[in-house]
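To start, the structure itself, in structure tokens.
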Amino acid sequence: MAATLGLDWALDWLHRAGAVLAEQRMALIELDRVIGDADHGENMERGFTAALAKLEAAPPATPGAALKSVAMTLMSTVGGAAGPLYGTAFLRAATALGDAEELDDAALLAMLTAARDGIVARGKADPGDKTMIDAWTPAVDAAGAAVGQGPAAVLRAAADAAALGAEATEPLVARKGRASYLGERSAGHRDPGAQSTSFILRAAADAAGNA
Amino acid sequence: MAATLGLDWALDWLHRAGAVLAEQRMALIELDRVIGDADHGENMERGFTAALAKLEAAPPATPGAALKSVAMTLMSTVGGAAGPLYGTAFLRAATALGDAEELDDAALLAMLTAARDGIVARGKADPGDKTMIDAWTPAVDAAGAAVGQGPAAVLRAAADAAALGAEATEPLVARKGRASYLGERSAGHRDPGAQSTSFILRAAADAAGNA
Amino acid sequence: MTVGILVVSHSAKIAEGACELGAQMAPDVRLEAAGGTDDGRIGTSLEKVMAGVDAANTGDGAVILCDLGSAVMVAESALEFLGDPSDVALADAPLIEGLVAAAVAAQGGAGVAAVKAAAESALALQ
Amino acid sequence: MTVGILVVSHSAKIAEGACELGAQMAPDVRLEAAGGTDDGRIGTSLEKVMAGVDAANTGDGAVILCDLGSAVMVAESALEFLGDPSDVALADAPLIEGLVAAAVAAQGGAGVAAVKAAAESALALQ
Ligand SMILES: Nc1ncnc2c1ncn2[C@@H]1O[C@H](COP(=O)(O)OP(=O)(O)O)[C@@H](O)[C@H]1O
Ligand SMILES: Nc1ncnc2c1ncn2[C@@H]1O[C@H](COP(=O)(O)OP(=O)(O)O)[C@@H](O)[C@H]1O
Ligand SMILES: [Mg+2]
Ligand SMILES: [Mg+2]
Ligand SMILES: [Mg+2]
Ligand SMILES: [Mg+2]
């Protein structure tokens with residue numbers, strides 16, 4: 001396992017994320033149909049397709065530049081709440097990485113933390129509000145606990161925690177986003193944004209496992 | 001002077017009202033441009049043109065039937081607040097007249113009172129709110145004081161009071177209708193609906209003077 | 001059962017757009033638009049509102065949302081002409097925000113009073 | 001001076017209709033619509049919002065009105081990208097009702113803070 005991750009990992013991550021979001025498009029749409037407006041899968045696939053095309057057209061020089069490019073494209077193309085949320089997340093993550101070429105455990109933790117903080121700044125959701133924050137926050141905590149075990153372990157811990165966090169949104173009553181219109185009726189269903197977060201962080205871990 | 005007014009008077013009234021509203025179209029538009037949306041003249045001309053066409057196409061048998069026909073057409077064709085307000089006024093006035101063929105002072109007072117009450121029921125304006133009510137209310141009061149002097153005198157008293165009432169809206173601050181969005185800035189301008197009320201009641205008096 | 005919803009606006013575009021927006025989260029709810037005058041200007045139409053009430057109320061009642069004050073007056077006139085149907089309510093709510101909340105409530109099977117209440121408690125921003 | 005106004009809606013129709021409605025009472029105010037996604041679907045567009053802020057602010061500042069929460073998030077993102085201009089404010093107001101009130105205030109020469117306040121104190125029904 002590599003002791004640091006570089007641009008190759010970042011690009012592999014983003015491609016894997018795009019692939020899984022395209023593959024899980026209908027699943028995300030179904031989740032959003034029940035407690036939202038049935039577009040989260042479409043939004044995410046459209047956003048990542050555009051983001052990957054942009055990375056192709058204007059290849060970034062560093063992991064931070066890759067994340068910044070994705071951020072801008074997601075902001076512009078997603079069309080739903082996930083656009084400004086993931087856009088801000090990737091933008092703040094890019095800022096946290098600066099122009100570093102190799103990312104160690106601490107850099108990855110800083111990246112994840114900045115992403116989560118960006119989503120909170122943009123969406124003002126608290127943990128337990130049944131949003132993507134409920135996947136990001138346990139992911140950041142788990143990554144923090146795994147610092148020192150190497151990048152792949154840090155990202156695996158984050159992905160595992162995000163998956164559990166997404167699952168744990170099921171009993172919650174939504175207090176932010178469209179699902180909050182449903183009130184109590186939102187309970188019993190998984191939050192689509194928490195699920196897409198889980199997919200994206202799993203892609204990061206898988207790419208690291210291959211690095 | 002006739003001691004009662006009949007269908008001929010009612011039709012003459014409505015034709016005179018249509019004529020003066022067409023003639024004063026631009027004046028009413030100008031009033032509405034300053035404290036509203038610049039359509040009151042157009043709204044009233046369109047409404048009365050349609051109302052007169054309908055009276056032609058389906059001639060009414062009584063004054064009440066004439067007012068009811070006009071009410072329905074104004075409701076449907078005016079397109080602004082004046083539609084439901086004048087529509088309700090003419091409808092309640094028609095109901096007050098029932099199928100009477102000849103209208104004495106008391107019947108005319110009942111007609112004017114019902115019209116005013118209809119506008120209040122529909123628009124919930126109080127006197128002094130800078131609306132058409134500020135022409136209707138003094139008109140009803142003056143008509144009441146003139147009962148016993150004959151129909152032409154009753155309607156002349158109403159028209160004179162409505163004209164003064166319309167003028168007296170100038171210093172008022174609007175508390176109902178679009179002009180209320182302007183707050184203090186609405187003061188210093190005459191209310192368009194009070195002015196059209198003055199025209200309509202003057203037409204009623206002029207028709208009675210000719211009856 | 002789903003309560004129908006009627007959007008009364010001075011603008012045909014606003015009324016139609018509002019129904020499209022509401023439909024995203026309430027695919028099974030009958031959303032009707034009564035916007036603009038009969039001749040396509042900015043304003044309201046008694047005929048459109050009366051037809052809209054009929055179309056929105058497929059048997060389970062309807063809730064009406066309006067934009068400006070004169071739209072409310074037209075809606076109240078329409079209800080009077082329709083004999084003040086007991087299963088149709090006028091919501092005192094901001095148009096777009098109230099509509100989305102009402103549509104979601106109706107989609108969830110709420111009755112007329114609850115749909116009206118959902119509209120009226122809608123926040124401007126979520 | 002007149003403050004410009006930007007309408008951010010998930011629906012292009014709502015945004016355009018709102019501007020038409022506001023223009024009736026505010027003929028001298030710059031009203032800009034940023035509705036729908038770039039490819040014409042229901043949703044919001046960062047590009048449209050950023051271009052709309054520029055178009056609305058002709059030098060005297062601008063106020064932004066939004067429909068749902070995600071429109072607010074896009075508007076906030078756009079302002080961040082534009083360097084958080086001090087003469088552009090986001091109103092926490094119901095879209096249509098707030099817009100009419102804001103447009104009338106701007107037409108009367110109110111500044112950014114007063115236009116925003118007018119929007120935020122707009123009642124649902126008048
Ligand atoms: N205020 C918020 N804070 C954090 N996450 C949010 C917020 N609002 C919405 N979300 C997330 O966005 C997801 C929905 O995204 P998407 O369907 O693309 O947007 P939209 O609701 O505009 O259609 C939700 O499942 C939730 O995770
Ligand atoms: N709530 C109300 N009660 C009584 N009169 C009102 C009310 N609202 C508006 N009006 C009257 O309607 C007039 C405006 O009519 P019009 O221009 O046709 O309607 P709109 O304001 O819809 O364009 C005002 O000048 C005022 O006299
Ligand atoms: Mg969605
Ligand atoms: Mg959406
Ligand atoms: Mg007008
Ligand atoms: Mg008008």
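Values quoted throughout were computed directly from the atomic coordinates according to the rules given, and no laboratory measurement underlies them. Values in this document were obtained by computation on a predicted structure and should not be read as measured data. Cβ placement follows ideal geometry from the backbone for every residue including glycine, while neighbour counts extend to all protein chains displayed.
Things worth noting here:
- Check on A:G150, more than 16 Å from ligand 6 (Cβ to nearest atom), more than 14 Å from chain C (Cβ to nearest Cβ), more than 18 Å from the chain's Cα centre (by Cα) and within 24 Å of A:E102 (Cα to Cα): yes
- For the stretch C:26-41, the count of residues that are among the small types (G, A, S), more than 15 Å from ligand 2 (Cβ to nearest atom), out of contact with any Pro (no Cβ under 8 Å at 6 or more places or on another chain) and more than 17 Å from D:A18 (Cα to Cα) is at least one.
- From the options D:D28, D:D38, residue that is free of Cβ contacts under 8 Å to residues at least 60 places away in the same chain and either among the aliphatic types (A, V, I, L, M) or surrounded by fewer than 23 Cβ atoms within 10 Å (Cβ to Cβ) (or both): D:D38
- If you filter the stretch B:1-59 down to residues that are among the small types (G, A, S) and within 16 Å of ligand 5 (Cβ to nearest atom), you find that the one that is surrounded by the most Cβ atoms within 10 Å (Cβ to Cβ) is B:G36.
- Tally, over the stretch D:101-121, of residues that are crowded, with 24+ Cβ neighbours inside 10 Å and either touching a Gly at 6+ places or on another chain (Cβ under 6 Å) or in a loop (DSSP other than H, G, I, E, B) (or both): 2
- Between B:A143, B:A135, the distinction of being within 11 Å of ligand 2 (Cβ to nearest atom) and either in a helix (DSSP H, G or I) or in contact with a Pro (Cβ under 6 Å, 6 or more places away or on another chain) (or both) belongs to B:A135 only.
- With respect to the conditions (1) more than 22 Å from A:A146 (Cα to Cα); (2) part of a loop (DSSP other than H, G, I, E, B), A:A100 lacks only one, and its number is (1).
- Filtered residues of the stretch A:162-179 (kept if in a helix (DSSP H, G or I) and touching a residue at least 24 places away in the same chain (Cβ under 8 Å)): A:A162, A:A163, A:L164, A:G165, A:A166, A:R178, A:A179
- Residue in the stretch D:92-111 that is charged (D, E, K, R) and either within 14 Å of chain C (Cβ to nearest Cβ) or in contact with a His (Cβ under 9 Å, 6 or more places away or on another chain) (or both) present: yes
- Top-ranked residue in the stretch B:159-211 [being of a type in the set (S, T, N, Q) and within 16 Å of ligand 6 (Cβ to nearest atom); ranked as farthest from the other protein chains (Cβ to nearest Cβ)]: B:Q195
- Pick from the stretch C:1-43, criterion away from chain B (no Cβ under 14 Å) and basic (K, R), ranking: farthest from the chain's Cα centre (by Cα): C:K13
- Applying the criterion of being within 14 Å of B:Q24 (Cα to Cα) and small (G, A, S) to the residues of the stretch B:156-203, the residue that is nearest to ligand 2 (Cβ to nearest atom) is B:G193.
- Residue among A:D99, A:D134, A:D126 that is more than 14 Å from chain C (Cβ to nearest Cβ) and either over 18 Å from the mean Cα position of the chain (by Cα) or aliphatic (A, V, I, L, M) (or both): A:D99
- The residue that is surrounded by the fewest Cβ atoms within 10 Å (Cβ to Cβ), among those in the stretch C:47-79 that are within 16 Å of ligand 5 (Cβ to nearest atom) and within 12 Å of the chain's Cα centre (by Cα), is C:V72.
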